[in-house]
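I have a structure I would like to understand better, so I am pasting it below and will then ask my questions one at a time.
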Amino acid sequence: MKETPLSNCERRFLLRAIEEKKRLDGRQTYDYRNIKISFGTDYGCCIVELGKTRVLGQVSCELVSPKLNRATEGILFFNLELSQMAAPAFEPGRQSDLLVKLNRLLERCLRNSKCIDTESLCVVAGEKVWQIRVDLHLLNHDGNIIDAASIAAIVALCHFRRPDVSVQGDEVTLYTPEERDPVPLSIHHMPICVSFAFFQQGTYLLVDPNEREERVMDGLLVIAMNKHREICTIQSSGGIMLLKDQVLRCSKIAGVKVAEITELIQKALENDQKVRKEGGKFGFAESIANQRITAFKMEKAPVDTSDVGEKAEEIIAEAEPPSEVSVSNPVLWTPGTAQIGEGIENSWGDLEDSEKEDEDEGGSDEAIILDNVKMDTGVDISNIGSQDAPIVLSDSEEEEMIILEPDKSPKKIRTQTIGVKQEKAASKKPMKKRKKKRAVN
């Protein structure tokens, strides 16, 4: 994936800000970004953060055969990897021109400057020597990779401890860290790279350019120097012509910056060594700042529990008493049943729409039947209502019992289902009497 190019507006804005001696992150012209160094649980593992640029350094070692032309010297190997995790523009499985240039610059800065005593890595001359491998992984890219990588490499080498060995005749014995304390590497000096970005054909100069400033710069000057102001390597890229005074000014600035970074590295190494000796907690997890969303730990706050009882009594005394809870009395509708509260309307006795229509149709038939009974028998209906036996009149399987009482509306009560034949017989008798009456008239 190709990197997103800057628009003309962004380019003009950056260049205009540089002309006015202003930077996007608020730094001055010669200011470095904040440097943070954290160590892992194993020796030789560290993470260096230069602003938002993060590099992981890991050092490993193994016994190998030496080179034929250097039989008494150990081997140093440096490898820098640019993964897509750092930036989408980096392609996996392919060495870009930037990666080749950075690896060569690291080798010249660290190996060719003789910062490590390679002769101390020899175990048996011509047979066994230590091969020290430095792997650097770019975790996040925000500009100035070479400075962060050089700091991570030298910090990991200073922090690394190799296993101790002993030679008895032709036998080489390798001891574990539990048997013997690991041995640190012999380091003469600490070379550190400092990058300078030039703009407008060398008119303007910035120290430690970030990713956006690198896109609009015309040239880059990298100076590798130690705290003794000894230049280990120098490289210029971009095709710009620099004057002697510009190079001398950059070298003076680099001397000041290298001295500050070297002091920071030594303090970080001393603090880690002190924590390990005291048996405290160490590692990447301990370097995460507390009270953040990404932190897995919180500082314990002391809690005073001496006067808990007194405080509880004060809280209870100041609190308002609870409101009285009203309890509903049970309502007895019929013997053997009870209901607490008002409840809701009973819907069991509601008739469905179809039943109501049947009831309306059957109402007119019942009126005719009742009239016939009164005309034929001449018995008052009020006398019938006084009798105990109810009159059952219905045309459905579920019979309805109508109790006729004086000065009261009739009540309908559900009764048991009776046979269909009895219902037809009861309904046919008054109809016959009505026909006979008509014939007499």
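What whole-number distance in Å separates the alpha-carbon centres of the range 121-160 and the range 193-259?
23
So how do 173, 72, 53 rank on accessible area, 1.4 Å probe, biggest first, that is with the largest at the start? Present the calculation step by step, with values, prior to reporting the outcome.
Details: 173 45, 72 70, 53 0 Å².
From most exposed to least exposed: 72, 173, 53.
Still on this structure: In square angstrom, what is the accessible area per residue of the range 26-281 with a 1.4 angstrom probe?
Details: 12630 Å² over 256 residues.
Computed with neighbouring chains in place, this is 49 Å² per residue.
Among 134, 100, what's the order by accessible area (1.4 angstrom probe), most exposed first? Can you show the working numbers first?
On the way: 134 0, 100 45 Å².
Descending accessible area places them as 100, 134.
Quick one: pull the percent of accessible area on the range 26-281 belonging to carbon and sulfur, 1.4 Å probe, ligands and nucleic acids left out.
Details: 5990 of 12630 Å².
Heavy-atom surface of the range 26-281 belonging to carbon and sulfur, 1.4 Å probe: 47 percent.
Taking the Cα of residue 183, stepping 7 Å toward and past its beta carbon, and measuring to each backbone N in the range 112-136: which are under 18 Å?
Label zone hits: 116-133.
Report the label-to-label distance for residue 85 and residue 15 in nanometres (one decimal), using points 7 Å from each Cα along the Cα→Cβ vector.
Spacing of the two 7 Å Cα→Cβ label points: 3.8 nm.
OK, next. Residue by residue through the range 303-309, what is 3J(HN,Hα) from phi via Karplus (6.51 cos²θ - 1.76 cosθ + 1.60, θ = phi - 60°)? Round to whole Hz and write x for glycine and proline.
Working through the residues one at a time gives 10, 8, 10, 6, 10, 5, x Hz.
Can you give the local net charge around residue 233? Use residues other than it whose beta-carbon is closer than 15 angstrom to its beta-carbon, Lys and Arg +1, Asp and Glu -1. Walk me through the numbers before you get to the answer.
On the way: positive: 101, 104, 108, 111, 114, 229; negative: 107, 147, 230.
Once positives and negatives cancel, what remains is +3.
Going from most exposed to least, what order do 230, 49 have by accessible area with a 1.4 Å probe?
Ranking 230, 49 by accessible area, largest first, yields 230, 49.
The values are calculated or read from the model by the stated rules, or taken from the named source; none is laboratory data. Computed from a predicted structure; not experimentally measured. Cβ: placed from backbone, ideal geometry, glycine included. Neighbour counts: every protein chain shown. Areas reflect the complete protein model, heavy atoms only, side chains present, ligands, DNA and RNA absent. Shrake-Rupley method; radii C 1.70, N 1.55, O 1.52, S 1.80 Å.
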